[in-house]
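> Sharing a structure below in structure tokens format, with a few things to ask.
Read-outs throughout are calculated quantities, based only on the coordinates presented, and are distinct from any laboratory measurement. Owing to the predicted nature of the structure, the values given are computational and were not obtained by experimental measurement. With ideal geometry, Cβ positions are generated from the backbone for all residues, glycine too; neighbour counts draw on all protein chains shown.
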Amino acid sequence: MTEQTWTPLEIEAEQAGGAQELVDRLTALGGELDSLLVQEKALVFRGFDVPADDLDDVLGVVLPRRLAYVHGNSPRTKVGGNVYTSTEYPPEFTISMHNEMSYAYAWPARLAFYCQIRPGGGGATPVLDAARWLESLDDEVREAFAGGVRYVQNLHDGYGLGKSWQATFETDLQEEVERFLDGTGAIWKWKGDGGIRVESVRPATTRHPVTGAEVWFNQADQWHPAGLGDDTAAALAQILPEDELPQNVTFADGSPIPEAYVAQIRDRGLEHAVDVDWAQGDLLLIDNVLLAHGRRPFTGNRRVLVAMSD
């Protein structure tokens, strides 16, 4: 296995910076922006010091068709027109590597991260070549996942562990949830307590539509109870049976995924990731199929926003 040599392409401000210089440079690239992102996998725009009030102008160029975070599984807050806070887990925790919504029927093609408040310490966004992630796994693990994975969600009706179905699907109407799920190949049913159970079988890898590269593309390690850590998983097991957990994952045939596989996937992803450190006003644009991302622990008041597009 070759050593990791890839890093994102950094693009520095040349003049006074600011949103207008960045918009002008992005606009000048035109259609070349798409090919540059595929070639480089990630672009980091530094020194432009984009103010939060001007973020929409920049996102209008890099993400012309911003998507809502419908069927998203992580806790976050909507702060603008399809702009969200990044995952709101406590700062002392690492968020392991993942491609955004790789568990879903459809996923965003690209993501933009914007640093509104620089963390006091730590808080990098690690990014990982997803083809290298796949390559780094033992043959035994890759072969075990060849048939795909089954994701299971138990979404409550406003009170319970995990996210509610209202927050997950950004609606209070059951018929809108049903209409969304009917087009995804998922199996779902409403429960007597007002919640909903959703099961979806998805592949463990996918291929990039332009390069054809095969990449590791699932969130088995994040959905598996073992990915929560021993103490949290043990506490949840005392509260709920496995089939009632807010989210869970098995192999496609329903057989359990060994904890050792989960640990290998998580650890090798983090091992091969490249950290993107933040300064206030920085922007990171990534290809969501070619790259996975995560979050390092931090101190202080880190605030990173994220938006997605097809």
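> What is the sum of charges around GLY123, taking Lys and Arg as +1, Asp and Glu as -1, for the other residues whose C-beta is under 9 Å from the C-beta of GLY123?
Values: positive: ARG118, ARG295, ARG296, ARG302; negative: ASP277.
Spelling it out: positives minus negatives among the neighbours equals +3.
> What is the diffusion coefficient of region 134-267 in µm²/s, taking the Kirkwood radius over Cα pairs and the Stokes-Einstein relation at 37 °C with a viscosity of 0.692 mPa s? Working shown, then result.
On the way: Rh = 16.1 Å.
Calculated translational D: 203 µm²/s.
> Okay, next question. Determine the percent antiparallel among the DSSP beta bridges restricted to the chain, to the nearest 5.
On the way: 50 of 55 bridges.
Beta bridges within the chain, antiparallel portion: roughly 90 percent.
> Shifting gears a bit: When we measure straight from the Cα of LYS163, which lysines land under 26 angstrom away, once same-chain ones fewer than 8 places off are left out?
LYS78, LYS189, LYS191
> So what are the ³J(HN,Hα) numbers for region 27-42, from phi and the Karplus equation (6.51, -1.76, 1.60; θ = phi - 60°), rounded to whole Hz, Gly and Pro as x?
Whole-Hz 3J(HN,Hα) from phi for region 27-42: 5, 5, 5, x, x, 5, 4, 4, 5, 5, 5, 5, 5, 8, 6, 8.
> What do you get for the angle between helix 230-239 and the principal long axis of the chain? Use alpha-carbon atoms, 0 to 90 degrees, nearest ten.
Value to nearest ten degrees: 50.
> Further question: Give a residue-ordered list of calculated ³J(HN,Hα) values for region 131-147 (Karplus: 6.51 cos²θ - 1.76 cosθ + 1.60, θ = phi - 60°; whole Hz; x for Gly, Pro).
5, 5, 4, 4, 5, 6, 7, 4, 3, 4, 6, 4, 5, 5, 8, 4, x
> Sticking with this one: Mind telling me which of GLN15, GLN264, GLN116 comes out most flexible in a GNM of the chain, alpha-carbon contacts under 10 Å?
GLN15
> A further question follows. What do you get for GluC sites (Glu not before Pro) in region 25-116 restricted to DSSP loop and a cutoff of at most 15 other Cβ within 10 Å of the site's Cβ?
Values: sites: GLU32, GLU40, GLU88, GLU92, GLU100; in loops: GLU88, GLU92, GLU100.
Listed in order of number, the matching sites are GLU88, GLU92.
> 222 nm [θ] for the chain, helices only, -39500 (n - 2.57) per DSSP H run of 4+, per residue, to 500?
Values: 10 runs with 82 residues, N = 310.
The helix-only estimate for the chain comes to -7000 deg cm²/dmol at 222 nm.
> Something else about it: Taking 0.36 nm per residue of separation and subtracting the Cα-Cα distance, what length does fully extending THR171 through ASP53 add?
Values: separation 118, 0.36 × 118 = 42.48 nm, distance 2.71 nm.
Result: 39.8 nm gained on full extension.
> Top mean-square fluctuation among LYS191, LYS78, LYS163, Gaussian network model of the chain, C-alpha springs under 10 Å?
Greatest mean-square fluctuation among the candidates belongs to LYS191.
> First measure r as the distance between the Cβ atoms of GLN15 and GLN280, then evaluate 1/(1 + (r/R0)^6) with R0 = 25 Å and state the FRET efficiency to the nearest 0.05. Can you show the working numbers first?
On the way: r = 18 Å, r/R0 = 0.74.
Calculated value: 0.85.
> Something else about it: Just rank PHE169, PHE145, PHE298, fewest to most, by other beta-carbon atoms within 10 angstrom. Don't jump to the answer; show the numbers that get you there.
Values: PHE169 25, PHE145 22, PHE298 19.
Going from sparsest to densest Cβ surroundings: PHE298, PHE145, PHE169.
> Which ³J(HN,Hα) values in Hz, rounded to whole numbers, follow from the phi angles of region 150-163 under the Karplus curve 6.51 cos²θ - 1.76 cosθ + 1.60, where θ = phi - 60° and Gly and Pro get x?
10, 9, 10, 10, 10, 9, 7, 9, x, 9, x, 7, x, 8
> Then there is this: Angle, helix 259-271 long axis vs. longest principal axis of the chain, Cα atoms, 0 to 90°, nearest 10?
On a 0 to 90 degree scale, this one is about 0.
> While we're on this one: Connecting C-alpha atoms closer than 10 Å in a GNM of the chain, tell me which of PRO108, PRO256, PRO91 has the biggest fluctuation.
PRO256
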